[in-house]
1. What whole-number value in cubic angstrom gives the convex hull volume per residue for the C-alpha atoms of segment 121-191?
2. Can you put Glu206, Glu69 in order, fewest other beta carbons within 10 Å first?
3. Let me know the Rg and Dmax you get for segment 79-126 when you use only its Cα atoms, in Å.
4. Can you work out the Karplus-derived ³J(HN,Hα) for every residue in segment 215-221? Use 6.51 cos²θ - 1.76 cosθ + 1.60 with θ = phi - 60°, whole Hz, and x for glycine or proline.
5. Please identify the DSSP H helices in the chain that span no less than 30 Å along the helix axis (Cα) and have a mean Kyte-Doolittle hydropathy of -1.0 or more.
6. So, by mean Cβ neighbours within 10 angstrom, what's the order for 297-306, 217-226, 27-36 with the highest one leading?
7. Divide the volume of the convex hull of the Cα atoms of segment 171-323 by its number of residues and quote the answer in cubic angstrom per residue.
8. Calculate the dipole size of the chain relative to its Cα centre from +1 charges on Lys and Arg beta carbons and -1 charges on Asp and Glu beta carbons; express the result in debye to the nearest 20.
Amino acid sequence: MTRPHAQTIPVWTPPLGDAVPRSLCTDCGISRTADPKRCGHACQFIKPDYPALETRAHGRPRDPGREDEAFFGPYQRMLRAALVPPAAGAQWTGITTRIGARLLETGAVDAVLAMAADPNDRWRPRPVLVTRAADMAQCRGMRMGTAPLLALLEPAIALGYRRLAVIGIPCQIYALRALEAELGLERLYVIGTPCSDNTTTERFHEFLALLSDNPASITYLEFRADYHVELRFADGSHRRIPFLLLPLSKLPGDFFPLTCRTCVDYTNSLADITVGYMGGEGEQWLLVRNARGEELLGLLGNELRTAAPGSAGKRRGPVMGFLKNTERAAGGLPVRGMPNFLRPLVGWLMPKVGPRGLEFARARLEMKAVETILHLRRQEPRRLRHMVPAHVWALVAPYGLTPNEDEKP
Ligand SMILES: Cc1cc2nc3c(=O)[nH]c(=O)nc-3n(C[C@H](O)[C@H](O)[C@H](O)COP(=O)(O)OP(=O)(O)OC[C@H]3O[C@@H](n4cnc5c(N)ncnc54)[C@H](O)[C@@H]3O)c2cc1C
Ligand code: SF4
Ligand code: SF4
């Protein structure tokens, strides 16, 4: 494989094969490779084996004796963190892309596989091979949708790149880990972000159109851990909308694809390091999962400000409420049954009394597990036995959801 204009094209997407259509697929890229049959043992949505892959990646599976591992997967330590100063254009402070840049700067890798924006649509992800540290800046920010990141593995290897870093979301990282041993790489660093409630880029544009009369002017959106969506606009202005005041009832029931309502690894448990925000109380939240994750963190040196993560509030009530709303929605979006006049008041109260910090993250993990079970039972009941690992059942058991004989892993 030759890389055209290597010096002039800063980040590069090689020509990609066609995707093989499959049900419950987020087009992670494996079906576009020379051997699409590998999906059978690589796919998170077919028959995942988390204990085996966690053991391969981290030396052990999640330890039920360490309570938070039941939620977040194996880790050595968790931190609140911020890059100082924050990187311009980053989703939070830019820890993720800075790790990629440091790997290139220090020569630890030949290339980083990550997402940049489509040149014609800032919200559409485009998988890219990055070989110059400065070009990691083009990958800053969150895109909505999925794109075939792992289809770049073969072109990268064909170019002679044997030391790679991959920055990806959980459904991509599962397939990467499942195939890691077959790739013949000299070195692989895996930087993961959590992921939930993703949808297609087209659907996301419909959502933006409900939030603003001029959706094209929205440059940034984040569902923050303080129960608000933050919007930023091209003119530099900001807006924060309480979750409860979002126009969710105007969205179609299938706004989120079934894949994203039923995936089972919110916190990217197979990454060397997970870089998220939901346990960070307004800052970023890092889970260092193994020695390689520690090495990645070490690359940031004193560019990083860190603190211990906090936790407050109680999740049981909100999770129970979410379960009831999801059941009532019968496959659609779990819109809260609440009179409109109460919404602003409850929206104001939630950041003060609702679960915060790690308790917020645990609540989100349990809610996601509830969704997985209820949506699969409704739409793909035969998938439950193979697709839902024991640790997901453990998260919903306190809420009265247990597997029947046909569903037991
Ligand atoms: C759809 C989606 C949902 C998310 N939901 C949560 C959540 O519920 N809780 C939580 O804690 N974190 C979530 N995250 C992660 C979070 O938004 C931040 O990306 C993360 O905290 C890193 O911030 P940063 O400033 O370090 O990233 P930056 O330095 O700005 O880099 C962003 C990185 O994200 C990658 N990326 C962007 N869009 C995509 C995409 N569509 N697919 C794959 N990779 C992408 C890019 O490759 C880039 O490396 C989600 C991310 C996505 C893409
Ligand atoms: S492994 Fe990737 S491409 Fe294959 S079915 Fe799963 S998500 Fe789709
Ligand atoms: S929500 Fe789950 S299935 Fe959907 S893109 Fe994110 S990790 Fe993949």
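Derivation of every value follows stated rules applied to the coordinates shown; laboratory data play no part. Just so it is clear, the model here is predicted, and its values are computed rather than measured. Every residue, glycine among them, receives a Cβ derived from its backbone with ideal geometry; neighbour counts consider all protein chains shown.
1. Working: hull volume 6.8 nm³, N = 71.
Spelled out: Cα convex hull of segment 121-191, divided by residues, is 95 Å³.
2. Numbers: Glu206 15, Glu69 19.
Neighbour counts put them in this order, fewest first: Glu206, Glu69.
3. Cα radius of gyration and Dmax of segment 79-126 are 12.6, 36 Å respectively.
4. Each residue's phi maps through the Karplus curve to give x, 5, 7, 7, 10, 7, 8 Hz.
5. Working: long enough: 358-379 (31 Å, -0.26).
Span-like helices, by this rule, are 358-379.
6. On the way: 297-306: 14.4, 217-226: 16.9, 27-36: 19.9.
By packing density, highest mean first, the sequence is 27-36, 217-226, 297-306.
7. Working: hull volume 26.8 nm³, N = 153.
Given the Cα convex hull of segment 171-323, per-residue volume reads 175 Å³.
8. Working: 52 positive and 42 negative charges, 129 e Å.
Its charge dipole is roughly 620 debye.
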